[in-house]
Amino acid sequence: MASFVALVDPDPVRRARFVEAAELAPIPGLAARRLSTATASVGWAAAPGAPVSESGGGDGLGVLWGDALDANGRLDAKGLRQACAGPDGLPPPLDGYHAGISIGPQGRVVAVADLLGLFPVYYWTAGDVLLVASSPALFRGHPSFRADLDTAGLVGVLLFAHLVGGRTLLTGVRRLAAGHALDWRPGGPARERATWTLPPSTHFHLPFEAHVDVLDDAVTAAVARQAPPGHPVGLLLSGGLDSRLLAGLIARQGGRAACLTLGLPTDFDVVGARRVARVLRFPHAVREPPAVPGVIEARIRWEALGCGLAGSGFWEASSALRGLPDHVVTGLVLDSALGGYPIDQAYSPATRTVSFETYFDVINAWGVSLPTLGRLLRPERFGEALADVLAGVRADYDGEGGNEALKVWRYHMRHRPRFHVGSRAWPIAFSSWPVLPILDRRLLETVAGIPAASLAGRRAETELVATRFPALAALPLDRNSFDFSPLRPRLRTQLRRAVVDALGRVPGVPAFTRARPEPRRYVRLMDVNGPMWRELRREAERCRELATELFRPDVLAEALPGPDVAVRPADPIIGTSGMKLLLGVLLWLRDHRP
């Protein structure tokens, strides 16, 4: 990974003390490095094999963390500085997972991130001082910075389990929006300037078969560009559809990937992934990361609840990922882009429409429900913050172009995936730099031009795997449920299923996985009644009084039961996401008194 902080400060003593004292590495084993000019300093910690380039000279500097690809190939820090010195003052939109910063001779700062803003870039400014970092936790060491609570930022997090409008839990600290660059000059405001947006749709006139063809072309080109044959790569191989597609594409272009699946031998992910690796003759390792004390507290500190706490976040997996090549391919965010989530969830069968209201209800299910949140917040502290945040979300959604399905897709891609599954890319990079084929302009523009009828239910992606990789489509598929049946089962598999169904068993689920342990790793990790979460709940209970200024105690007790109460929601992940958010807020308040 690359954890970084950049400081522009005319006071050399204050700047030197800050950079020297900055705790840059969230985990042990990262190499630290610093660069400085007369008024600015940049410090970072990265894995030994991480792709980092730096450029200094002319009283300026530049650093680029990750893989940034323009029309001519890979850009380095020198190229970033040159682009920022051009007439427009901004680099072109760049593919690949990366972040970069350029500080010019006059103190002008330009900071960039990947197309979807998956790499976290936060900033804060006051007068001639600017802080830019990969985590808000790195700002607290500067004497000018005050860690005051942003009530509107907290409302957004509680609503959706992610940041809204770039506002964080800390006043004045913002996260750079997707498709934007930060542009700042000493004494002036910090501006976010748009660098890339999705173009109008282009494939609506084509039949479904053509949609599969153009999708095949685009995703094939993205994989070939970011993980070219001949370069050693790893692959995070699950038993699901996205990593299976990527594995097939790597093999089809003549590449070979060292595959890794996290979990136990009886997990659905492992069972499905092992079969895929065997068919493709890829080397395959299975590792269950050991329990890491304090991993959730580390997430709360470094992510400041901006990405919620509903998923594991991969923070626990650093030791398991070591040993992979310097780059590892992952299908993060691919499912959202290819239609597996936003369009399906925004459709109401009752009204036969795709709407913002239906989409809002689905996303709000990951946070504290709107009626509960309205009762929970103390009006004397929050005022009209809830109404203002809701109005801002609706205005942002209505500002998207196209029909309703395209508006949902566009809005979703700029928000939920970057904070939910997309946030896992940062801790993955603690060990091996993530390659995300979805961070490709051509692929995103292609998918934006495919109509909802072809994307919904992952129809086009399913057809792509089934027709281009029939051997992979015939293997058991992890669907985040107990349905473990293949996409396109062979005849003998269909006959076997008929017998299994007749015996009253769960179709597609091998007999050995129906026993303990739970065969879905994410359910095991996120069980709010499990030992790790029970301990966190006990610790948070000691912090409950800290929230009395913010929340009504009776409503908080209802939304966040005590540590000895067993919670049994219908959905073990979504049903406990809002509760975990409140748990995280209590633990965050322990170190940030309101």
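Can you name the residue in the stretch 376-401 that is surrounded by 15 or more Cβ atoms within 10 Å (Cβ to Cβ) and either modelled with pLDDT under 90 or small (Gly, Ala, Ser) (or both) and is also nearest to LEU455 (Cα to Cα) among such residues?
By that ranking, first place goes to GLU400.
Conditions first: (1) more than 20 Å from ALA25 (Cβ to Cβ); (2) open to solvent by 10 Å² or more (accessible area, probe 1.4 Å); (3) out of contact with any Gly (no Cβ under 9 Å at 6 or more places or on another chain). VAL109 passes all but one, so which condition is the exception?
Here VAL109 meets the rest and fails (2).
If only one of GLY60, GLY86, GLY56, GLY73 is over 30 Å from ARG299 (Cβ atoms), open to solvent by less than 20 Å² (accessible area, probe 1.4 Å) and either without any contact (Cβ under 8 Å) to a residue 40 or more places away in the chain or among the small types (Gly, Ala, Ser) (or both), which one is it?
Result: GLY60 is the single residue among GLY60, GLY86, GLY56, GLY73 that is over 30 Å from ARG299 (Cβ atoms), open to solvent by less than 20 Å² (accessible area, probe 1.4 Å) and either without any contact (Cβ under 8 Å) to a residue 40 or more places away in the chain or among the small types (Gly, Ala, Ser) (or both).
State which residue pairs qualify: first residue under 19 Å from PRO228 (Cα atoms) and inside the stretch 423-435, second residue in a helix (DSSP H, G or I) and open to solvent by 10 Å² or more (accessible area, probe 1.4 Å) in any location, beta carbons under 7 Å apart, and separation of 6 or more residues or different chains.
VAL435/GLN226
Considering only the stretch 416-493, give the helices (runs of 4 or more DSSP H) lying wholly within it that have at least 3 residues that are at pLDDT 90 or above and farther than 25 Å from THR197 by Cβ.
Those helices (runs of 4 or more DSSP H) span 459-468, 470-473.
Answer yes if at least one residue in the stretch 86-94 is hydrophobic (A, V, I, L, M, F, W, C) and either part of a loop (DSSP other than H, G, I, E, B) or closer than 21 Å to ILE428 by Cα (or both), and no otherwise. Can you show your working first?
Narrowing the stretch 86-94 to residues hydrophobic (A, V, I, L, M, F, W, C): 90, 94.
Restricting the remaining residues to those that are either part of a loop (DSSP other than H, G, I, E, B) or closer than 21 Å to ILE428 by Cα (or both) gives 90, 94.
Yes, that holds for at least one residue.
So which residues in the stretch 327-342 are open to solvent by less than 10 Å² (accessible area, probe 1.4 Å) and of a type in the set (A, V, I, L, M)?
VAL328, VAL329, VAL333, LEU334, ALA337, LEU338
Can you tell me how many residues in the stretch 550-575 are in contact (Cβ under 8 Å) with a residue 60 or more places away in the chain and more than 27 Å from the chain's Cα centre (by Cα)? Reasoning before the result, please.
Initial filter on the stretch 550-575 (in contact (Cβ under 8 Å) with a residue 60 or more places away in the chain): 550-552, 555-556, 558-559, 573-574.
Now narrow it down to the ones that are more than 27 Å from the chain's Cα centre (by Cα): 550-552, 555-556, 558.
Looking only at that region, the number is 6.
If you take the residues in the stretch 215-235 that are open to solvent by 20 Å² or more (accessible area, probe 1.4 Å) and either under 25 Å from PRO476 (Cα atoms) or over 26 Å from the mean Cα position of the chain (by Cα) (or both), which one is modelled with the lowest pLDDT?
Looking at residues that are open to solvent by 20 Å² or more (accessible area, probe 1.4 Å) and either under 25 Å from PRO476 (Cα atoms) or over 26 Å from the mean Cα position of the chain (by Cα) (or both), I get GLY230.
Please give the number of the condition GLY402 fails out of (1) in contact (Cβ under 8 Å) with a residue 12 or more places away in the chain; (2) at negative phi.
For GLY402, the failing item is (2).
Quickly run through the stretch 238-263 and pick out the residues that are touching a strand residue (DSSP E or B) at 6+ places or on another chain (Cβ under 8 Å), within 21 Å of MET526 (Cβ to Cβ) and in contact (Cβ under 8 Å) with a residue 60 or more places away in the chain.
If the condition is that a residue be touching a strand residue (DSSP E or B) at 6+ places or on another chain (Cβ under 8 Å), within 21 Å of MET526 (Cβ to Cβ) and in contact (Cβ under 8 Å) with a residue 60 or more places away in the chain, then SER238, GLY239, SER243, LEU260, LEU262, GLY263 are the ones that fit.
Among the residues of the stretch 304-317, are any open to solvent by less than 10 Å² (accessible area, probe 1.4 Å), under 20 Å from ALA25 (Cβ atoms) and assigned to a helix (DSSP H, G or I)?
The answer is yes; a qualifying residue exists.
The values are calculated or read from the model by the stated rules, or taken from the named source; none is laboratory data. It should be emphasised that the depicted structure is a prediction, and the values quoted were computed from it without experimental measurement. Note that we place each Cβ from the backbone using ideal geometry, even for glycine, and neighbour counts take in every protein chain shown. SASA here: full protein model, heavy atoms, side chains in, ligands and nucleic acids out. Shrake-Rupley method; radii C 1.70, N 1.55, O 1.52, S 1.80 Å.
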